[in-house]
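Mind looking over this structure? Questions follow.
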Amino acid sequence: MLDKAVRGADNLADHEILEVILYYALPRIDVNPLAHSLLTRFGSLAGVFGATEQQLLSVKGIGKRGAAEILAIGSVVKRISAKEKSAVGLKRWQSLDANRADVFKMFEGMIEERFVVLLLNNRFELLNKITFDGNRGDRVQIDPSEIIASVSLLKPRFMVAAHNHPSGSVTPSAADDFATAKLNLLCIAHDVELIEHIIVSPSSGKIYSYHNDENGRLEKIKNQTRLDNILDKFQENFGNDGNEKNNYDKYKNFRFGDE
């Protein structure tokens, strides 16, 4: 395992990375089962390195030495993130008007589409900035797992999203609305509040705010993606086969099977 790590740690699976780390903290035991236990308990590497001491100690076999090793590495990740954040320019989110120059700076010189996610603490201070750049002018692919990993590690309270339209228009498209809805679902799942989605065009100097939309575009999308509204719509459309009058009530407790 160590030889494999030296040849290229980027090729290691998540449990193998944990094995390498735990090998030095717990040299006299087989750390493979322990690495798998950690991933099962916390769901991902981000979850493992974002866990508290008590949460880590609840995993059988980790002990204080293993917990200390993981906590130290988690601290390193946070410090690196904080250092990268300090170079962003934007330190604290106040409002679109107050941060207008910061927003335009994030897209300065871009001729292709870029999508940016800002993670903020409860004082609206920047915890991390995640950037996705497109490989074609009018489209950018967003990897939710990268956002989820950072959210799990840093535990932000608020999120601001922003992207540019190289065409010069800042009118939101149906794809923009759909992406906003999916982003809000991600936020709901991690107890984060999506407070803004901005569209900018550096070439035209125009800017659009979902939050400030006169028709309340952001709030409408957030209401549509509330869990209770989704379940209500699911209930309305569930079981239209004519065989079960109360299909929803029958299966609402997460029963699985073919019956």
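The values are calculated or read from the model by the stated rules, or taken from the named source; none is laboratory data. These numbers come from a predicted model, not from an experiment. Reconstructed Cβ throughout: ideal geometry from the backbone, glycine too, with neighbour counts over all protein chains shown.
State yes or no: is Ile199 touching a Pro at 6+ places or on another chain (Cβ under 7 Å) and closer than 17 Å to Leu96 by Cα?
Answer is yes for this residue.
Quick check on the range 154-167. Is at least one of its residues out of contact with any Leu (no Cβ under 7 Å at 6 or more places or on another chain), at pLDDT below 90 and hydrophobic (A, V, I, L, M, F, W, C)?
Within the range 154-167, not a single residue is out of contact with any Leu (no Cβ under 7 Å at 6 or more places or on another chain), at pLDDT below 90 and hydrophobic (A, V, I, L, M, F, W, C).
What pairs come up if the first residue lies in the range 149-162 and is under 17 Å from Ala51 (Cα atoms), the second is part of a helix (DSSP H, G or I) and of a type in the set (A, V, I, L, M), and their beta carbons are under 6 Å apart, counting only those six or more places apart or on different chains?
What qualifies is Ala149/Ala46; Ser152/Ala46; Leu153/Ala46.
Go through the residues of the range 243-250 one by one and say whether even a single one is surrounded by 12 or more Cβ atoms within 10 Å (Cβ to Cβ), out of contact with any Lys or Arg (no Cβ under 9 Å at 6 or more places or on another chain), modelled with pLDDT of 90 or more and at negative phi.
Looking for residues that are surrounded by 12 or more Cβ atoms within 10 Å (Cβ to Cβ), out of contact with any Lys or Arg (no Cβ under 9 Å at 6 or more places or on another chain), modelled with pLDDT of 90 or more and at negative phi, one finds none in the range 243-250, hence no.
Confirm whether Arg114 is modelled with pLDDT of 90 or more, basic (Lys, Arg) and over 22 Å from Ala149 (Cβ atoms).
Here the answer is no, as Arg114 does not meet what is asked.
Just checking, does the range 174-188 include any residue being part of a loop (DSSP other than H, G, I, E, B) and surrounded by 14 or more Cβ atoms within 10 Å (Cβ to Cβ)?
No, the range 174-188 contains no residue that is part of a loop (DSSP other than H, G, I, E, B) and surrounded by 14 or more Cβ atoms within 10 Å (Cβ to Cβ).
Which of the residues that make up the range 122-173 are assigned to a loop (DSSP other than H, G, I, E, B), surrounded by 13 or more Cβ atoms within 10 Å (Cβ to Cβ) and among the hydroxyl-bearing types (Ser, Thr, Tyr)?
Across the range 122-173, the qualifying residues are Ser167, Ser169.
Could you pull out the residue among Asn122, Asn128 that is of a type outside the set (Val, Ile, Thr), within 25 Å of Ile188 (Cβ to Cβ), out of contact with any helix residue (DSSP H, G or I) (no Cβ under 6 Å at 6 or more places or on another chain) and modelled with pLDDT of 90 or more?
Asn122
Would you point out the residue of the range 97-119, among those that are among the aliphatic types (A, V, I, L, M) and surrounded by fewer than 20 Cβ atoms within 10 Å (Cβ to Cβ), that is farthest from Ala175 (Cα to Cα)?
Among them, the one singled out is Ala98.
Can I ask one more? Check the range 174-192 and report whether any residue there is of a type in the set (A, V, I, L, M, F, W, C), over 22 Å from Thr225 (Cβ atoms) and assigned by TED's automatic domain parsing to the domain that holds Gln94.
Checking the range 174-192: not a single residue is of a type in the set (A, V, I, L, M, F, W, C), over 22 Å from Thr225 (Cβ atoms) and assigned by TED's automatic domain parsing to the domain that holds Gln94.
Where residues in the range 23-39 are in a helix (DSSP H, G or I) and modelled with pLDDT under 90, which of them is surrounded by the fewest Cβ atoms within 10 Å (Cβ to Cβ)?
Tyr24
Could you tell me whether any residue of the range 139-150 is modelled with pLDDT of 85 or more, closer than 21 Å to Ser75 by Cβ, in the same structural domain as Ser209 (by TED's automatic domain parsing) and touching a helix residue (DSSP H, G or I) at 6+ places or on another chain (Cβ under 6 Å)?
yes
Matching residues to (1) more than 14 Å from the chain's Cα centre (by Cα); (2) of a type in the set (D, E, K, R):
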{"position": "Lys155", "(1), (2)": "no, yes"}
{"position": "Met159", "(1), (2)": "no, no"}
{"position": "Thr171", "(1), (2)": "yes, no"}
{"position": "Ala174", "(1), (2)": "yes, no"}
{"position": "Leu183", "(1), (2)": "no, no"}
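Name the single residue, out of those in the range 40-69 being out of contact with any Leu (no Cβ under 7 Å at 6 or more places or on another chain) and in a loop (DSSP other than H, G, I, E, B), that is surrounded by the most Cβ atoms within 10 Å (Cβ to Cβ).
Filtering the range 40-69 for residues that are out of contact with any Leu (no Cβ under 7 Å at 6 or more places or on another chain) and in a loop (DSSP other than H, G, I, E, B), the one surrounded by the most Cβ atoms within 10 Å (Cβ to Cβ) comes out as Ala51.
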